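Following: one structure in structure tokens, then a few remarks.
The values are calculated or read from the model by the stated rules, or taken from the named source; none is laboratory data. Since this is a predicted model, take the numbers as computed values, not measurements. When we count neighbours, we look across all protein chains shown, and the Cβ atoms used for this are built from the backbone with ideal geometry, even at glycine. These accessible areas exclude ligands, DNA and RNA; they are computed on the full protein's heavy atoms, side chains included. Shrake-Rupley method; radii C 1.70, N 1.55, O 1.52, S 1.80 Å.
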Amino acid sequence: MKNSYSDLEKLKNEMLTCTMCGFCKNVCPVFLDAGWDTGSPRGRMTMAYGLVTGELEPDENLVNRIFQCTQCRDCARRCPSSVKCPEVVLSARRELVKRGQAVETQMAVAKNIIHTGNLYGDLEVAYPEQEGEVPLFIGCQHLSRPNSTKRNILLMQRLGIKPRIVKEVCCGFPLEVMGFEEEHEKQVERLKEAFSFDEEPILTFCPGCKVHLEKISGKKILHILQEINNRLAKEQIAKPVNAKITYHDPCDLSRGAGIFQEPRDILKKLGCEIIEMKYIKNASRCCGGGGGILTWDSGLSERMSMARIREAIATGAEMVVTACPTCEQTLKKGALKITEENGNKPFPVVHILDMLFKATKQSHLPS
Amino acid sequence: MPIVEKRAKPESIERIREIVGTDSVRTSKADLYVYGFDAGMHRSMPDAVVRPQNAEQISQIVKLANEHDFAIIPRGAGTALCGHNTPVAGGIILDLQKMNRIKEINPGDLLCVVEPGVICDDLNNALKKYRFFIPGPASSEAATLGGMVAANASGAKALKYGATRDYVLGLQVVTPTGEIIRCGTRTLKNSSGYQLEKLFVGMEGTLGIITEITLKMAPLPEKTAACAAAFKELVEAGQTVADIIAVPIFPAQLEIMSDICVKAVNKATGLGLPECGGFLLIACDGHPEAVKDEIRKVKEICEKNGAFFIDYTEDAKRIEELWKGRKQMLASLSVIKPEFSTVMLADDMAVPISKVPDAVKGFLEIQDKYDIYIPPYGHAGDGNLHTKVLLNPENKEHWLQAEKAVREIYDLVLQLGGTVTGEHGVAISKAEYFKKERADSIPFMRAIKRALDPKNILNPYKIFDWDESFLSNLRYPVEFSKKEA
């Protein structure tokens with residue numbers, strides 16, 4: 001198998017540049033969970049090196065470790081040598097998928113996207129198609145929640161944004177992070193047929209879509225909170241929140257897109273008192289929902305979300321607010337799991353768009 | 001000492017599983033491969049990675065190792081830089097990271113008690129509210145206290161605050177034959193016989209496995225002020241260091257960086273330090289009035305020695321920024337040239353403080369003879385200089401040049417009355433020159449090792465027992481024959 005990892009081989013310099021200083025270990029949620037070096041970014045870099053040199057075979061243990069990475073990218077932020085550890089992991093995943101090492105659960109997700117254009121394989125997605133002034137990319141996660149999507153569109157209209165909505169297909173981000181290279185390329189082609197990138201900027205609800213669409217199109221993609229923050233005025237707030245909250249920065253929105261001030265500004269406008277967690281902004285910790293681990297290792301994902309919820313509870317806040325549908329769902333699972341352990345009411349997890357909708361005008365739609 | 005394999009056989013590993021539980025033993029190839037590497041230049045695969053939970057389990061494992069004749073390599077975070085964690089004869093890695101409880105913080109007695117796997121910064125975060133701290137190495141956010149004791153690690157604050165050695169009051173240790181002993185005391189001083197707790201400081205895992213540490217704490221200074229100064233020539237910076245100490249002023253930190261280092265930090269951190277031949281970072285801490293007076297004097301000395309740029313600040317945020325750059329120095333250097341990597345060679349020599357300018361000048365002259373970079377920087381205030389060799393790790397010629405350059409560097413250091421290692425240790429990479437430096441005392445060190453570890457179980461073939469060149473067991477994609485090395 002020696003020298004046959006041509007994709008990974010291109011990143012060999014990253015592996016040799018890594019000084020093994022270990023600064024990546026204590027920011028990695030996977031290492032913090034179990035504490036074995038094999039589960040650290042440095043460990044994954046070493047395993048990738050072993051594959052390149054032909055000293056390691058892609059056995060079950062190695063494959064498992066490579067796919068446990070949540071792609072939160074906190075290792076890359078902390079690395080003093082600017083080593084592209086997340087890219088090495090993605091490259092290793094591509095190599096492993098090519099060798100037939102993908103698991104059934106991830107293949108099922110990939111098939112969903114390929115066959116239906118939708119992450120969940122939902123053939124009955126209701127696309128709220130409409131004419132408008134600004135192109136909007138809703139994203140699979142939000143499309144799977146038609147009621148909240150309707151509210152989000154209403155919210156945009158209240159703020160004077162007229163979104164143009166077409167029948168979109170998945171942006172392909174999940175395929176990329178799970179290592180389905182060929183499928184990802186085809187999905188990007190399908191996306192470009194279904195969705196026009198001619199007009200800029202394009203708005204989106206989803207942090208993952210924001211980062212990925214920008215990467216594949218090279219166009220200006222705005223997360224909806226950037227636009228909302230520009231438009232939201234005090235007089236539009238009918239019912240201030242007046243709560244002590246803490247804010248969970250989604251990895252793709254904070255480290256990925258550098259958007260961590262806008263949601264805080266919005267929360268302040270809504271009358272929230274923000275009590276920060278220990279790990280915030282571009283040093284935020286993963287909720288446990290990234291990089292495909294929800295389908296790879298749900299136990300690990302659950303433990304990560306519980307750790308993040310515990311951090312939120314420790315602030316003394318009444319709830320944790322976030323801006324990503326995956327973070328919201330994953331954190332809710334973590335909160336429920338903690339409830340199973342301590343019998344208390346689940347710690348509230350709220351999407352900032354839901355909070356905005358309620359605060360800007362009373363809703364007559366089901367909540 | 002010629003290396004004889006001391007492998008752990010499957011039946012030994014099975015017995016270890018019974019002692020610590022199946023989940024605490026890893027033998028998959030990926031695990032063994034990963035644990036074969038650490039932050040040093042060398043590598044070698046262990047036969048198992050074992051994560052014990054307490055001293056009793058470790059004692060049983062050590063007794064088994066004596067019975068079955070396999071090596072044990074204790075390991076903390078794997079941040080050691082000289083091959084300390086490399087299982088050169090096989091055997092098991094004892095991963096102590098999960099023995100990480102802070103057992104006691106006792107401000108009244110000025111001490112704290114920790115397990116070996118506690119990370120230095122985690123302890124300092126816990127000590128902060130009591131207004132105490134333990135001075136740590138640049139790797140304090142990753143390094144464990146067990147490893148710090150075993151390597152007698154220290155960092156930028158050693159001039160004023162000393163090294164890890166100066167904080168160890170007592171230890172619980174599992175000896176190489178499996179006894180659990182306590183040495184030292186819970187008192188700030190003791191004259192009760194041999195200072196055995198100090199014997200285990202700097203032993204690099206060869207004399208015992210540290211299972212509990214009682215540490216003295218230093219008071220957290222009330223105020224810190226910093227002065228950053230840039231000089232046209234590196235020697236001017238070196239002379240400034242000697243002049244500051246001679247006042248006498250003991251800054252909390254006094255760091256020197258050469259031009260390449262400044263470029264590397266700027267590139268990695270975007271700090272925007274001025275390009276120069278020599279850069280000094282100086283911090284004074286303590287009572288606010290004393291700090292003000294000290295930093296003013298420091299500034300004057302910098303000016304007198306020709307500093308063309310001086311950034312003088314009491315702003316905590318700016319101070320943190322400046323030191324963040326310094327803390328990232330080692331790793332930052334690896335981004336200077338794409339195909340070059342930082343390798344842990346000639347990484348921490350120490351010379352008498354007055355010899356810093358001579359050493360720095362000499363290192364630069366040596367660098368000029370070769371195609372590789374050897375940028376000097378370091379904790380100049382305590383005479384501890386780093387060079388770090390930057391080379392293309394796939395280029396054999398670079399390694400051979402490095403070997404020659406390192407030899408010249410160490411010869412110069414010894415000639416100036418220095419030591420080959422101020423804070424990282426010996427293990428593999430410095431063994432050859434260490435033996436030259438400590439020729440007189442090596443028979444005594446060896447006698448201690450043989451007496452305490454008759455079967456050569458604990459981290460064997462390191463320090464005085466490493467007879468090969470540092471070019472063997474490299475973790476990089478080059479190989480050298482015995483003749484070449």
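Could you tell me how many of the residues in the range B:119-150 are within 18 Å of residue A:25 (Cβ to Cβ) and touching a residue at least 12 places away in the same chain (Cβ under 8 Å)?
As a first pass, look at the range B:119-150 and keep what is within 18 Å of residue A:25 (Cβ to Cβ): B:119-125, B:136-148.
Imposing the further condition that a residue be touching a residue at least 12 places away in the same chain (Cβ under 8 Å) reduces the set to B:119-124, B:136-148.
Residues flagged as within 18 Å of residue A:25 (Cβ to Cβ) and touching a residue at least 12 places away in the same chain (Cβ under 8 Å) within the range B:119-150 amount to 19.
Restricting attention to the range B:95-122, the residues being within 13 Å of chain A (Cβ to nearest Cβ) and not in a loop (DSSP other than H, G, I, E, B) number 5.
For the range A:40-68, filtering for residues that are assigned to a loop (DSSP other than H, G, I, E, B) and farther than 16 Å from residue A:29 by Cβ leaves 6. Among the residues of this structure, residue A:173 does not count as one that is open to solvent by less than 10 Å² (accessible area, probe 1.4 Å) and among the aromatic types (Phe, Trp, Tyr).
So, residue A:251, is that one in contact with a helix residue (DSSP H, G or I) (Cβ under 7 Å, 6 or more places away or on another chain), closer than 24 Å to residue A:103 by Cβ, open to solvent by less than 40 Å² (accessible area, probe 1.4 Å) and not polar (S, T, N, Q) or not? So residue A:251 does not fit the description; no. Just one residue in the set A:22, A:39 is small (Gly, Ala, Ser), open to solvent by less than 10 Å² (accessible area, probe 1.4 Å) and more than 7 Å from chain B (Cβ to nearest Cβ); that residue is A:39.
Restricted to the range A:78-174, the set of helices (runs of 4 or more DSSP H) holding at least 3 residues that are under 30 Å from residue A:236 (Cβ atoms) and in contact with a Phe, Trp or Tyr (Cβ under 8 Å, 6 or more places away or on another chain) comprises A:140-143, A:146-158. Condition test on residue B:467, is it without any contact (Cβ under 8 Å) to a residue 60 or more places away in the chain, more than 14 Å from chain A (Cβ to nearest Cβ) and either open to solvent by less than 10 Å² (accessible area, probe 1.4 Å) or under 26 Å from residue B:208 (Cβ atoms) (or both)? Spelling it out, it is not the case that residue B:467 is without any contact (Cβ under 8 Å) to a residue 60 or more places away in the chain, more than 14 Å from chain A (Cβ to nearest Cβ) and either open to solvent by less than 10 Å² (accessible area, probe 1.4 Å) or under 26 Å from residue B:208 (Cβ atoms) (or both). Exactly one residue among A:51, A:16 is over 24 Å from the mean Cα position of the chain (by Cα), within 9 Å of chain B (Cβ to nearest Cβ) and not small (Gly, Ala, Ser), and that residue is A:16.
Scanning the range B:431-455 for residues that are part of a loop (DSSP other than H, G, I, E, B) and touching a helix residue (DSSP H, G or I) at 6+ places or on another chain (Cβ under 8 Å) turns up B:438, B:455.
Residue A:365 meets each of the listed conditions (1) aliphatic (A, V, I, L, M); (2) modelled with pLDDT under 95; (3) assigned to a helix (DSSP H, G or I) apart from (3).
Which is touching a helix residue (DSSP H, G or I) at 6+ places or on another chain (Cβ under 9 Å), open to solvent by less than 50 Å² (accessible area, probe 1.4 Å) and within 14 Å of chain A (Cβ to nearest Cβ), of B:313, B:342? Working first, answer last.
Working: B:313 fails: within 14 Å of chain A (Cβ to nearest Cβ).
Of B:313, B:342, the one residue that is touching a helix residue (DSSP H, G or I) at 6+ places or on another chain (Cβ under 9 Å), open to solvent by less than 50 Å² (accessible area, probe 1.4 Å) and within 14 Å of chain A (Cβ to nearest Cβ) is B:342.
In the range B:12-28, is there at least one residue being in contact with a Leu (Cβ under 9 Å, 6 or more places away or on another chain) and within 10 Å of chain A (Cβ to nearest Cβ)?
Pass one, the range B:12-28, residues in contact with a Leu (Cβ under 9 Å, 6 or more places away or on another chain): B:12, B:15-16, B:19, B:26, B:28.
Now narrow it down to the ones that are within 10 Å of chain A (Cβ to nearest Cβ): B:26, B:28.
The answer is yes; a qualifying residue exists.
For (1) among the charged types (D, E, K, R); (2) surrounded by fewer than 19 Cβ atoms within 10 Å (Cβ to Cβ), each residue gets a yes or a no:
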residue	(1), (2)
A:323	no, no
A:328	yes, no
A:342	no, yes
A:348	no, yes
A:353	no, no
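Only one of the listed residues (B:365, B:408, B:397) is in a helix (DSSP H, G or I), open to solvent by 50 Å² or more (accessible area, probe 1.4 Å), of a type outside the set (Val, Ile, Thr) and under 24 Å from residue B:265 (Cα atoms). That residue is B:365. Of all residues in the range B:439-450, none that is on the phi > 0 side of the Ramachandran plot has its Cβ atom under 6 Å from the Cβ atom of a residue that is of a type in the set (S, T, N, Q) and open to solvent by 80 Å² or more (accessible area, probe 1.4 Å), 6 or more apart or on another chain. Only residues that are open to solvent by less than 10 Å² (accessible area, probe 1.4 Å) and within 11 Å of chain A (Cβ to nearest Cβ) were counted in the range B:43-55, giving 1.
Considering only the range B:56-82, how many residues are in a loop (DSSP other than H, G, I, E, B) and either acidic (Asp, Glu) or away from chain A (no Cβ under 12 Å) (or both)? First the steps, then the outcome.
Filtering the range B:56-82 for residues in a loop (DSSP other than H, G, I, E, B) gives B:69-71, B:76-82.
From what is left, the residues that are either acidic (Asp, Glu) or away from chain A (no Cβ under 12 Å) (or both) are B:69-71, B:82.
Counting residues in the range B:56-82 that are in a loop (DSSP other than H, G, I, E, B) and either acidic (Asp, Glu) or away from chain A (no Cβ under 12 Å) (or both) gives 4.
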